[in-house]
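J.: Please read through the structure below; I'll follow up with questions.
Read the figures in this text as sums done on the coordinates, not as results from a lab. Quick caveat: nothing in here was measured; it's all calculated off a predicted structure. Positions of Cβ are backbone-derived with ideal geometry, glycine not excepted, and every protein chain shown enters the neighbour counts.
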Amino acid sequence: MNSIKGLLGHGRWAAVLFGVAAVIAGLAAAWRLPFRNGPAPRSEDLVRRINFHFPPSLPNRSVGHTFLVRDVWGHTLHLTRLEPTCVCTRCTLDRSTVAPGGAARLTFVILPSGYAQRKTLGATLMGQVAGRPVQFTYVFFISTTYPINFPAQSGTLSFGRMPLGAPPKTLPPLELTRGKLAMAWTRVTCSTDDPGLHASLRPTGAGRWRLEASYQPKRYLGEVVSHIVFTFWNHGIPLKYHMYRAIRVRVQGPVVISQPALLIGTVRPAATHETQLVLLPRNPASKAPIRLLHIAATSPSEFSFKPGGTAVRRDVEVGFTAKKTPGDDSGLIKILVRYRGRNYAFRVPYLAFVPTNPSKGVPVHERP
């Protein structure tokens, strides 16, 4: 009888030991799949910041980098929205759902503006994991520099006010030096397509040049914006990279315009902005009529023009419908008028900005 009780006692202990072994086996299986059905993620782990320094580059040359978005929370990660801070940033995500332990590839391609500068850009990637919001914040540090250096405080070259037909005005020469950024070029030249602008560039030593520029108003009235184009050569072969330096002059004539430059400002995609341009004789006592011969715009957006006013005062109602894609929108409104038997031309530069909706961002789409 005692032997039977002993066996039963051992059986109870065997059952206990079997239960413990089963628990240990279950934990071992869970350890082999550490990202499956894990614990609820902690709040401090749901917000992440990633800083990245791009190497120095040329203005108007794109730079890019690919990041891995890893799911380390043990639950499926759903990526929903991506918000870049600048329209110069293009983003590509290869998937919007990431399994536990997996990763998505997020690629940024940035096109810096045409100016030498240090700039901080970024983007925010948002999603959900286990029903809780998750956020990745990317901060980019970008430095752009020209192949040649201009003197300090020599941004846009301004000729000030000049009457139409005035003799040429020459700016003080600018001394240029070779930049530190590595670029395979042996010679640099400059040119322009404005018939009133003349620019010359001559070497003054090793890695040094002198830029001389003059302007004579011949054709356009109002705010005239032109560019000097620098072309870089490698042993007789022109490189694809060009550098631009803007010049600005206010040309005065017998006809004046109310807005020499049209600053439209921020306009939402496909929204319409209305303004007015007024053409008047410079002499307020003049009764000679102003005939509007032509008006058109070079623009990716849509413009409408409705002439009105009197024979002496010409009003033009301008309607601007912004393009649908975010970014800078700039161009020229070209106007041709006839006054006292002569034709006069205006080129009115305009500038608008179409933003990305900052409150909603843009949806995440998987790459095909």
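J.: Under a 5 Å amide H to amide H cut-off, with H placed in plane at 1.01 Å, what residues pair with residue 130 once short-range neighbours are removed?
T.: Here the answer is 76, since their amide H atoms fall under 5 Å of that of residue 130.
J.: Between residue 218 and residue 315, what FRET efficiency comes out of the Förster formula 1/(1 + (r/R0)^6) with R0 = 22 Å and r the beta carbon distance, rounded to 0.05? The partial results should precede the final answer.
T.: Working: r = 28 Å, r/R0 = 1.27.
Computed FRET efficiency for residue 315 and residue 218: 0.20.
J.: Net charge within 13 Å of residue 274 by Cβ-Cβ distance, Lys/Arg positive one each and Asp/Glu negative one each, not counting residue 274 itself?
T.: Details: positive: 306; negative: 302, 315, 317.
Every neighbour counted, the sum reads -2.
J.: I need the phi-derived Karplus couplings for region 231-242: 6.51 cos²θ - 1.76 cosθ + 1.60, θ = phi - 60°, integer Hz, Gly and Pro marked x.
T.: Working through the residues one at a time gives 10, 9, 10, 10, 6, x, 10, x, 7, 6, 7, 10 Hz.
J.: If the limit is 18 Å between Cα atoms, which of 169/218; 240/323; 218/306 go over it? Spell out each step's value before the answer.
T.: Working: 169/218 12 Å; 240/323 28 Å; 218/306 28 Å.
Those over the limit are 240/323; 218/306.
J.: Calculate, in nm to one decimal, what residue 210 and residue 52 gain on full extension: separation in residues at 0.36 nm each, minus their alpha carbon distance.
T.: On the way: separation 158, 0.36 × 158 = 56.88 nm, distance 3.76 nm.
Stretched out fully, the residue 210 to residue 52 stretch lengthens by 53.1 nm.
J.: Given a Förster distance of 51 Å, report the FRET efficiency between residue 171 and residue 137 from their Cβ-Cβ distance, rounded to the nearest 0.05. Intermediate values should be presented prior to the final figure.
T.: Values: r = 45 Å, r/R0 = 0.89.
My answer for the efficiency is 0.65.
J.: Share of Cα-Cα pairs in region 240-347 beyond 24 Å, in percent? Numbers along the way, then the final one.
T.: Working: 1953 of 5778 pairs.
Counting pairs separated by more than 24 Å, the tail of P(r) holds 34 percent.
J.: Counting only other residues whose beta carbon sits under 10 Å from that of residue 219, what net charge do I get with K and R as +1, D and E as -1? Can you show the working numbers first?
T.: Numbers: positive: 218, 347; negative: 194.
Neighbourhood net charge equals +1.
J.: Sticking with this structure for a sec: Counting other C-beta atoms within 10 Å, and keeping those with at most 16, which DSSP coil chymotrypsin sites (Phe, Trp or Tyr not before Pro) do you find in region 66-140?
T.: Values: sites: 67, 73, 108, 115, 136, 138, 140; in loops: 73, 115.
Qualifying residues, ordered by number: 115.
J.: I need the P(r) histogram for region 98-145: all alpha carbon pairs, bin width 10 Å from 0 out to the longest distance, whole percents.
T.: 19, 41, 23, 14, 3
J.: List, in order, the whole-Hz ³J(HN,Hα) value for each residue of region 250-258 obtained from phi through the Karplus relation with A = 6.51, B = -1.76, C = 1.60 and θ = phi - 60°; use x for Gly and Pro.
T.: 9, 9, 9, x, x, 10, 10, 10, 5
J.: In Å, the Kirkwood hydrodynamic radius of region 43-145 over pairs of distinct alpha carbons?
T.: Numbers: mean 1/r = 0.0695 Å⁻¹.
This gives a value of 14.4 Å.
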